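Everything on this sheet refers to the single structure shown next.
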Amino acid sequence: LLDSIVSIRGAVLLVGESGTAKTTVVSKYLLGRDETTTTSLSLGFSSRTSSKDVQVAIEDVLEKRTKDTFGPPAGKRLLIFVDDLNMPRVDTYGTQQPVALLKLVMDKGFLYDRGKDLTIKYIRDIQFVGAMVPGRNPVDPRFIRLFNTFCITFPPSESIKRIYSTILEAFFS
């Protein structure tokens, strides 16, 4: 599913409890991408993540294409993985500033230059994959609507036993 949606340039959000391997699935997926056509950036959100931190991280991997247009190196797409998407602190106005910045980029396709004149920087050829645990800070539904959202459930106990048995057998053999 992840590959199908990313191949049509859609955004994906995996939602599930801790331990359901959301981060592992996405990390393994990103490692398996063709490096000649795709580059990736992983962002781990916390309660201290600011919108400036996110903007700086994104701008660091982008190149200037024209006067006001930026993107990954020519011929490549940038996949940005945002882990713990709902972790940033909710401010007095009920928003999460890093999430609001990502919404602007995904929805409108640009960022504002944080310099004194606030010029627009158009961002091209990027996609987002996110992961979050339900029940933490509420995330703007207008942001969530931009994703294809999938619930990752915790595997049944029989599967857990089989997984750990296989690991332990391989280790002790």
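The values are calculated or read from the model by the stated rules, or taken from the named source; none is laboratory data. For clarity, every value in this text was computed on a predicted model and none was experimentally measured. Note that each Cβ is placed from the backbone with ideal geometry, even for glycine, and that neighbours are counted across all protein chains shown. We work out accessible area using only protein heavy atoms, side chains counted, and drop any ligands, DNA or RNA first. Shrake-Rupley method; radii C 1.70, N 1.55, O 1.52, S 1.80 Å.
Pick from Val99, Val90, Val139: which is within 25 Å of the chain's Cα centre (by Cα), more than 28 Å from Ile8 (Cα to Cα) and of a type in the set (A, V, I, L, M)?
Of the residues listed, the single one that is within 25 Å of the chain's Cα centre (by Cα), more than 28 Å from Ile8 (Cα to Cα) and of a type in the set (A, V, I, L, M) is Val90.
Here are the criteria: (1) closer than 30 Å to Asp3 by Cβ; (2) open to solvent by 50 Å² or more (accessible area, probe 1.4 Å); (3) hydroxyl-bearing (Ser, Thr, Tyr). Tell me which single one Thr95 does not satisfy.
Result: Thr95 fails condition (1) only.
Show the residue pairs that are 6+ apart or on different chains and have beta-carbon atoms under 8 Å apart, the first residue being within the range 148-173 and surrounded by 10 or more Cβ atoms within 10 Å (Cβ to Cβ), the second being part of a helix (DSSP H, G or I) and modelled with pLDDT under 90.
The qualifying pairs are Pro155/Ile163.
Among the residues of the range 57-72, write down those that are open to solvent by 40 Å² or more (accessible area, probe 1.4 Å) and among the β-branched types (Val, Ile, Thr).
Answer for the range 57-72, where residues must be open to solvent by 40 Å² or more (accessible area, probe 1.4 Å) and among the β-branched types (Val, Ile, Thr): Val61, Thr66.
Give the residue, chosen from Lys103, Lys116, that is touching a Phe, Trp or Tyr at 6+ places or on another chain (Cβ under 6 Å) and either surrounded by 16 or more Cβ atoms within 10 Å (Cβ to Cβ) or of a type outside the set (Val, Ile, Thr) (or both). I'd like the intermediate steps shown before the answer.
Numbers: Lys116 fails: touching a Phe, Trp or Tyr at 6+ places or on another chain (Cβ under 6 Å).
Going through Lys103, Lys116 in turn, the sole match is Lys103.
List, please: which pairs have Cβ atoms under 6 Å, are six or more places apart or on different chains, and start with a residue in the range 84-95 that is closer than 19 Å to Thr24 by Cβ and end with one that is surrounded by fewer than 10 Cβ atoms within 10 Å (Cβ to Cβ)?
none
Filter the range 104-124 down to the residues that are of a type in the set (Ser, Thr, Tyr) and part of a strand (DSSP E or B), then identify the one that is farthest from Leu62 (Cα to Cα).
Tyr112
State which residue pairs qualify: first residue in contact (Cβ under 8 Å) with a residue 24 or more places away in the chain and of a type in the set (Asp, Glu) and inside the range 115-144, second residue surrounded by 15 or more Cβ atoms within 10 Å (Cβ to Cβ) and part of a helix (DSSP H, G or I) in any location, beta carbons under 9 Å apart, and separation of 6 or more residues or different chains.
Asp140/Val99; Asp140/Ala100; Asp140/Lys103
If only one of Val54, Val25, Val6 is open to solvent by less than 80 Å² (accessible area, probe 1.4 Å) and touching a Pro at 6+ places or on another chain (Cβ under 7 Å), which one is it? Give the steps one after another, and end with the answer.
Working: Val25 fails: touching a Pro at 6+ places or on another chain (Cβ under 7 Å); Val6 fails: touching a Pro at 6+ places or on another chain (Cβ under 7 Å).
It is Val54.
How about the range 65-87: which of its residues are touching a helix residue (DSSP H, G or I) at 6+ places or on another chain (Cβ under 7 Å) and either of a type in the set (Asp, Glu) or at pLDDT below 95 (or both)?
Result: Asp83, single match.
Among the residues of the range 73-89, write down those that are of a type in the set (A, V, I, L, M, F, W, C) and either at positive phi or buried (at least 16 other Cβ atoms within 10 Å of the Cβ) (or both).
Once the filter is applied, which keeps residues that are of a type in the set (A, V, I, L, M, F, W, C) and either at positive phi or buried (at least 16 other Cβ atoms within 10 Å of the Cβ) (or both), the range 73-89 yields Leu78, Leu79, Ile80, Phe81, Val82, Leu85, Met87.
Tell me which of these Ile167 doesn't satisfy, since it passes every other one: (1) of a type outside the set (D, E, K, R); (2) part of a helix (DSSP H, G or I); (3) closer than 21 Å to Val15 by Cα; (4) modelled with pLDDT under 95.
(3)
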